[in-house]
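K.L.:
Structure provided below as structure tokens; questions to follow.
The values are calculated or read from the model by the stated rules, or taken from the named source; none is laboratory data. Remember, it's a predicted structure, so these values are computed and weren't measured experimentally. So basically every Cβ, Gly included, is an ideal-geometry build from the backbone, and we count neighbours across all protein chains shown. We work out accessible area using only protein heavy atoms, side chains counted, and drop any ligands, DNA or RNA first. Shrake-Rupley method; radii C 1.70, N 1.55, O 1.52, S 1.80 Å.
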Amino acid sequence: MCGIVGYTGSNKAAEILISGLKRMEYRGYDSAGVALEDYAEDGAVKLDVIRRVGKVQGLESELAAREDLTATCGIGHTRWATHGRPTVKNAHPHTSCDGKIAVVHNGIVENFAELREELEGRGHVFKSDTDTEVFAHLIEEAYEGNEVAGKPATHDLMAAVRDACSYVVGAYGLAAVCADEPGTIAVARKDNPIIIGRGEHGSYVASDVIALIDATRDVVVLEDGQFAKLTPDAIEYTDAEGNVIEPEVTHVDWDVDMAEKAGYPDFMLKEICEQPRVVRDTLVGRMSGAGELDIDELGLTYEELNLVDRVYVIACGTSFHAGLIAKNLIEGWARIPTEVEAASEFRYRNPIITPSTLVVAVSQSGETADTLAAIRDARIKGAKVFGITNVVGSPVARESDGVIYTKANKEIAVASTKSFIGQVVSLTLLSMLLAQVKGKLTTGQVRMLFRELGDTAEQIQHILYTQQVAIHEAALACKDAQSALFVGRGMGAAISYEGALKLKEVSYLHAEAYAAGEMKHGPIALIDQGFPVIAIATKSPVYDKTVSNLKECEARGAMIIAVATEGDEEIKQIADHVIYIPKVRDAFVPITATVPLQLLAREVAILRGCDVDQPRNLAKSVTVE
Ligand code: F6R
């Protein structure tokens, strides 16, 4: 995930920026860069922009070798690629045409295509593929003035940044410097974190408190729509109209480890709690003004999609479970026969593939060996391959015909949580698109589904706020069990598989998942007094059937934990513990119902003394067969 740092003061900026960027390395990135004030031969201030693909270490060595870099003001960035591949030209900072303005940015400029076209029409020349670069040119226009745009020159960096932000739709944490205003950093925030502080030797800004805690513990967390002008001796905070405001100062007493986890006790919880943001970010920019789904990295034409008559979803582990959900959606909405296969099996079978087969490869890391081998095999056999991955430029992205990037950002805990939600949201978009192209869903229906899909962000937040106690009690009830069963029907069955995997991988408690109707064909023999059965029993067309299956378990002494729909009192008659989730359409239940199962797995693991972030025997990326 991208990181921003900035410093203006009396010390050497290069060292401070590098140390801040290094502190944010844990977040993951693929390139890094800085913009530092420097002197041109005529004595005027100019900006030196130095960028590297790869580790901050490379950038550090380059800066250390440059004795001329004595700047005391600069900005820096680590980039986790979203728009545009991880290359030097796409690394931040990005500059204006005259190179006098440099910006670093976290977030997404949703209307960047329109803005870029307008700016190019007024003569601006773009040097990168990023959305961020529009900021540099917009600020330049406001600073220098532009006749075509009817803008007078402000010659005021803060005012120019404020003006630029007024054109941008999307999210930003932004820091900008200007060669004509040495020692000033202008900062803006909307839906992306920005932290600011004053230290003994100057003023600091970062997107993560961890980059500031060596300089100061008293910080201002900028709020949406607020701006800040940093100079070596002062910081001025303003609102969108430029009125000076007095922000609240927060004292941070976290150590480095706590700061990396943003105050959460572990990465797994942090990442579970990030899921509302993942839903929002994965949907940003996906619906055009005309109500059409917009997947710009699609790589396949609508004609090609219309020809698809069979879909294989290939993936491993948690990503495979996202595929089970996609099968329900693609078959339900687009009416295309869909099979879900473990990539490790698919590659050694002889699946029926024709040129009208679409293979959807799902992989968080984008480098799982089995999934990659299956992609290559499918392409040799003539299938079109569509990738769903979290990592821009990863092998899965490169070797697929088209791709959707989940916007989970770097996931650190080994067990996937937020990337699963990103995958399910992306697969839901793909299912809607296939249905729209096939004429099975109207534009109006797609628009309505899209809106409801977006609502799941709030619904996850609601679960996170309201169900902690219920989940904790359920975890206490099953922490000493030897084994547990997860059951559900339809979407509930697909969710059960993910619930069981999460529990076993982080708590080492043996767990299996079954379609609830299968219980009486064997697994019910396991049930005796107190045996935990975790049921997805939300209100759906198969609710009554699921309840009947649970009654059979209850009659044999099972301890039932039900994930149920808010308002369902009846379920309390058979369930020992109920975790409530808001009512959503069945298609979107996986996005909400998985969240309590992730939290349950984590709680049980903690009660059993397990390391939830690094379970034994597991690796985050499985690049061997
Ligand atoms: C489980 C988990 C794994 C991965 C699997 C595939 O929590 O993380 O099961 O889902 O190893 O990895 P990716 O998605 O990177 O291909």
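K.L.:
Those residues that are open to solvent by less than 50 Å² (accessible area, probe 1.4 Å), out of contact with any Ser or Thr (no Cβ under 6 Å at 6 or more places or on another chain) and over 20 Å from A525 (Cα atoms), I need them from segment 565-591; list them, please.
P.N.:
At the first step, the residues of segment 565-591 found to be open to solvent by less than 50 Å² (accessible area, probe 1.4 Å) are 565, 568, 571, 574-575, 577-582, 584, 587-591.
Okay, now just the ones that are also out of contact with any Ser or Thr (no Cβ under 6 Å at 6 or more places or on another chain), so 568, 571, 574-575, 577-580, 582, 587, 590.
Passing the criteria: D568, I571, H577, V578, I579, Y580, P582, A587, P590.
Each row is one residue, and each column tells you yes or no for (1) over 24 Å from G84 (Cβ atoms); (2) part of a loop (DSSP other than H, G, I, E, B).
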{"position": "I108", "(1), (2)": "no, no"}
{"position": "V125", "(1), (2)": "no, yes"}
{"position": "E140", "(1), (2)": "no, no"}
{"position": "V177", "(1), (2)": "no, no"}
{"position": "D180", "(1), (2)": "yes, yes"}
{"position": "R189", "(1), (2)": "no, no"}
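K.L.:
Oh, and also: Filter segment 407-443 down to residues that are open to solvent by 30 Å² or more (accessible area, probe 1.4 Å) and within 12 Å of the ligand (Cβ to nearest atom), then give me how many there are.
P.N.:
Number satisfying all stated conditions: 1.
This table checks each residue for (1) surrounded by fewer than 18 Cβ atoms within 10 Å (Cβ to Cβ); (2) in the same structural domain as L157 (by TED's automatic domain parsing); (3) away from the ligand (no atom under 16 Å from the Cβ).
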site: Y237; (1), (2), (3): no, yes, yes
site: R277; (1), (2), (3): no, no, yes
site: R286; (1), (2), (3): no, no, yes
site: G291; (1), (2), (3): yes, no, yes
site: Y302; (1), (2), (3): yes, no, yes
site: N306; (1), (2), (3): yes, no, yes
site: A315; (1), (2), (3): no, no, no
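K.L.:
Taking the stated definitions as given, is D455 part of a loop (DSSP other than H, G, I, E, B) and either among the acidic types (D, E) or outside the structural domain of P582 (by TED's automatic domain parsing) (or both)?
P.N.:
Details: part of a loop (DSSP other than H, G, I, E, B): no; either among the acidic types (D, E) or outside the structural domain of P582 (by TED's automatic domain parsing) (or both): yes.
In short, no.
K.L.:
Restricting the search to segment 355-385, which residues are away from the ligand (no atom under 15 Å from the Cβ) and under 20 Å from L430 (Cβ atoms)?
P.N.:
P355, S356, T357, L358, A378, R379, A383, K384 - these are the residues of segment 355-385 that are away from the ligand (no atom under 15 Å from the Cβ) and under 20 Å from L430 (Cβ atoms).
K.L.:
When you look at V88, is it open to solvent by 40 Å² or more (accessible area, probe 1.4 Å), within 27 Å of D296 (Cα to Cα), in a loop (DSSP other than H, G, I, E, B) and in contact with a Lys or Arg (Cβ under 6 Å, 6 or more places away or on another chain), yes or no?
P.N.:
Details: open to solvent by 40 Å² or more (accessible area, probe 1.4 Å): yes; within 27 Å of D296 (Cα to Cα): yes; in a loop (DSSP other than H, G, I, E, B): yes; in contact with a Lys or Arg (Cβ under 6 Å, 6 or more places away or on another chain): yes.
Yes, satisfied.
Let's see how each residue does on (1) at pLDDT below 95; (2) under 18 Å from V403 (Cα atoms); (3) in a helix (DSSP H, G or I):
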site	(1), (2), (3)
G289	yes, no, no
L300	yes, yes, no
N306	yes, yes, yes
I325	no, no, yes
G332	no, no, yes
I336	no, no, no
I353	yes, no, no
L358	no, yes, no
E367	yes, yes, no
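K.L.:
Check every one of the strands (runs of 3 or more DSSP E) wholly within segment 509-589 and list those with 3 or more residues that are modelled with pLDDT of 95 or more and under 30 Å from Y465 (Cβ atoms). Quick ask: steps written out before the conclusion?
P.N.:
Working: elements: 510-515, 532-537, 559-565, 577-581.
The strands (runs of 3 or more DSSP E) meeting that bar are 532-537, 559-565, 577-581.
K.L.:
In the list V396, V446, which residue meets the criterion of being more than 17 Å from the chain's Cα centre (by Cα), part of a helix (DSSP H, G or I) and within 16 Å of the ligand (Cβ to nearest atom)?
P.N.:
V396
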